[in-house]
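Notes follow once the structure below has been shown.
The values are calculated or read from the model by the stated rules, or taken from the named source; none is laboratory data. A quick note: this is a predicted structure, and the numbers were derived from the prediction, not measured. Please note: Cβ atoms are built from the backbone with ideal geometry, for glycine as well, and neighbour counts cover all protein chains shown.
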Amino acid sequence: MREAFRRALSPRAGPAFLEISADVFDDTVDEDEVAILDPSAYRAAPGAPDAAALEAAAALLHDARFPVVMAGHGIHRGDAAEELREVAEHLGALVMTTPGARGAFPEDHALSVGMGFPWGTPAHLDSDVILAVGTQLGETVQYLSPPAWAGPGRQRLVHLDADAAQIGVNRPVDLALVGDAKAGLAALLARLRERGGARSPNEEAAKYANEYAEFRGAIIDSYAGIDSAPVHPGRLAVEVARFFPDDAIVCVDGGNTGLWAHLANTIRRPRSFLWTGHFGHLGTGLPYAIGAKLANPDRPVSLLSGDGAFGFNLQELETAARHHVNIVAIVSCDFAWGMEELYMEKIGGTTVGVKHSRVRYDQVAQALGCHGEYVERPEDLRPALERAAGAGKPAVVQVVIDDRENVNPPGMEEFHDMYAAEST
């Protein structure tokens with residue numbers, strides 16, 4: 001058990017699999033024979049980075065013309081959201097996040113430029129110094145490499161991560177800070193304060209932040225006003241995002257549905273957004289939502305999923321019903337593999353096997369002990385969500401969307417271009 005916790009919690013926190021053989025599982029021993037140790041006795045918690053490295057990083061960031069912070073999921077893992085905000089505000093630095101770090105920095109903050117891909121501003125191309133914290137700099141941020149980023153030689157990189165093995169893998173660094181996100185940012189902030197007071201963002205940074213906020217606000221408002229039927233996928237995503245309160249945990253699953261959901265939601269709190277974007281992830285949404293509700297029983301939990309993704313694990317609705325895990329799952333139904341449909345057309349001029357049967361997921365949900373709603377018109381969305389949220393049991397709201405509008409959500413071109421560039 002100690003080894004499992006060691007592996008799970010250090011240096012980069014993540015799942016560990018523990019297999020217990022039947023003979024051990026069925027055995028009994030006296031309690032005095034079992035040593036239950038304090039965690040500090042068998043695993044070391046990562047601390048602050050090396051003092052000399054921190055001084056060098058503070059000097060580089062203090063002298064930067066236009067610093068930008070790239071925050072990763074390590075901010076959530078390290079409970080470092082407050083330290084992240086303080087460092088950004090001291091530097092007057094814009095903050096963008098990886099998809100897994102959404103909410104680590106409030107997305108309505110004046111320094112936020114949201115998720116770095118695919119709707120981020122070009123701010124990171126003009127930045128002279130990047131501070132990356134708690135991220136492996138993977139494919140969802142294009143490895144911080146050209147042409148999406150300015151690249152080494154034009155842009156300095158300070159990388160803070162608890163796992164030394166992750167630093168320098170996907171992009172060379174100028175300064176490596178090996179340590180815990182919370183302790184590392186706190187120590188860095190102390191050294192920055194020694195060098196001077198907080199500064200406001202420069203005109204360039206303020207321009208980028210304002211442009212980003214105006215762009216997102218305008219496009220979200222435009223989708224909110226679409227009253228056509230079947231439901232426009234943008235209208236669905238915006239309606240769902242506006243229905244649930246700020247303290248809700250938002251789970252997302254699917255291809256095109258994920259892009260609509262990312263754009264529609266403004267995440268303001270840490271540990272409030274769950275999505276897996278690494279190399280195919282379909283089916284994670286419902287288990288994520290169930291786990292999130294079990295861990296946070298007093299917070300509303302929503303799931304916006306594509307129908308293809310939802311089909312992978314929909315039988316877990318029975319688990320949710322049996323354990324009274326009252327989540328609301330909204331299933332966006334184009335009855336197709338929507339992302340694959342456009343991709344096939346782009347690279348081959350035709351499609352194969354992308355259409356689904358017209359399954360009634362609301363009726364499947366009812367058969368598994370949950371509440372079910374079926375929606376085809378936008379004016380019926382909010383009443384259905386209200387009934388689902390008040391049902392007192394897990395609920396599924398099936399929404400038939402306009403499949404013609406769903407094939408090319410905002411960010412799709414950038415998404416495809418990224419993977420096309422990687423394949424070459």
If Ser200 passes every condition in (1) closer than 22 Å to Gly114 by Cβ; (2) in contact with a Leu (Cβ under 8 Å, 6 or more places away or on another chain); (3) not in a helix (DSSP H, G or I) but one, which one does it miss?
(2)
Would you please list the contacts, defined by Cβ atoms under 9 Å and residues six or more apart or on different chains, that run from a residue in the stretch 369-394 that is free of Cβ contacts under 8 Å to residues at least 40 places away in the same chain to a residue that is among the basic types (Lys, Arg)?
His371/Arg387; His371/Lys393; Gly372/Arg360; Glu373/Arg387; Tyr374/Arg360
In a strand (DSSP E or B), more than 22 Å from Glu316 (Cβ to Cβ) and either at pLDDT 95 or above or not assigned by TED's automatic domain parsing to the domain that holds Ala321 (or both): does that describe Val400?
yes
Report yes if Val354 is more than 20 Å from Gly255 (Cα to Cα) and β-branched (Val, Ile, Thr), otherwise no.
no
Condition check: in contact with an Asp or Glu (Cβ under 7 Å, 6 or more places away or on another chain), under 26 Å from Ala264 (Cα atoms) and β-branched (Val, Ile, Thr). Does Thr121 satisfy that?
yes
Complete set of residues in the stretch 16-47 that are among the hydroxyl-bearing types (Ser, Thr, Tyr) and more than 34 Å from the chain's Cα centre (by Cα)
Ser21, Thr28
Consider Ile167 carefully, then state whether it is within 25 Å of the chain's Cα centre (by Cα) and not assigned by TED's automatic domain parsing to the domain that holds Ala64.
no
Determine whether the stretch 75-92 contains at least one residue that is under 13 Å from the mean Cα position of the chain (by Cα), crowded, with 24+ Cβ neighbours inside 10 Å and not hydrophobic (A, V, I, L, M, F, W, C).
no
Please identify the pairs in which a residue from the stretch 250-269 that is in contact (Cβ under 8 Å) with a residue 12 or more places away in the chain has its Cβ atom under 6 Å from the Cβ atom of a residue that is of a type in the set (Val, Ile, Thr) and in a strand (DSSP E or B), counting only partners at least 6 apart or on another chain.
Gly258/Val252; Ala261/Val252; Asn265/Val250
Conditions first: (1) within 30 Å of Gly217 (Cβ to Cβ); (2) among the hydroxyl-bearing types (Ser, Thr, Tyr); (3) without any contact (Cβ under 8 Å) to a residue 40 or more places away in the chain. Ser21 passes all but one, so which condition is the exception?
(1)
Of everything in the stretch 182-222 that's charged (D, E, K, R), under 23 Å from the mean Cα position of the chain (by Cα) and surrounded by fewer than 14 Cβ atoms within 10 Å (Cβ to Cβ), which residue is nearest to Arg12 (Cα to Cα)?
Glu214
Assess whether Ala395 counts as being in the same structural domain as His323 (by TED's automatic domain parsing), buried (at least 21 other Cβ atoms within 10 Å of the Cβ) and modelled with pLDDT of 95 or more.
yes
Among the candidates Gly134, Gly168, Gly151, Gly179, single out the residue that is crowded, with 18+ Cβ neighbours inside 10 Å and out of contact with any helix residue (DSSP H, G or I) (no Cβ under 7 Å at 6 or more places or on another chain).
Gly179
